[in-house]
Amino acid sequence: MLILLGLILLSACTTEQNSYQQQLQSWVGMSQEALYDSWGEPNNIIHPTPDSTVVTYIKYYDSPIDGNTEPYADEIAYSAISTDNYGLPPQSETYYCQTSFIIENYEVISYSFNGDDCITED
């Protein structure tokens, strides 16, 4: 019984993760302009090469979305620009989601995300 409960909880996290990944995947192939129109100005812009740009959005929340405090505790897909707490004091109870898009020739080619509250918001 306990194993079944664990599997159900694990599948819920996987479903939310897949949902957020599907949302981000829909941006691959879209224009940088469309991304900015939808997501707004990024929190950070990095130019790793003359032909590519990494734009990063960070959302902070006062409480976990849907009460889930660590849906993706191990998710770090672009470690070069990831940090543990983004400068927040360790005692802070702020939850966050960092989402980065890699753009080449003004088109989104890839994405990554990291955080303790990266889920699709309805």
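Where a number appears in this text, it was derived from the coordinates with a stated rule and is not lab data. Keep in mind that what you see is a predicted model, and the values were worked out from it rather than measured. Backbone-built Cβ (ideal geometry, glycine too); neighbour counts: all protein chains shown.
Quick look at the values:
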quantity	calculated
Net charge over other residues, Cβ less than 12 angstrom from the Cβ of Tyr106 (K, R count +1; D, E count -1)	-4
Under-5 Å amide H pairs with Glu107, H placed in peptide plane, nonlocal only	Gln32
Relative packing of peptides 109-118, 37-46, 20-29 - highest average C-beta neighbours within 10 Å first	109-118, 20-29, 37-46
Vicinal HN-Hα couplings computed from phi for the range 29-35 (Karplus, 6.51 cos²θ - 1.76 cosθ + 1.60; Hz; Gly/Pro x)	x, 7, 7, 4, 4, 5, 4
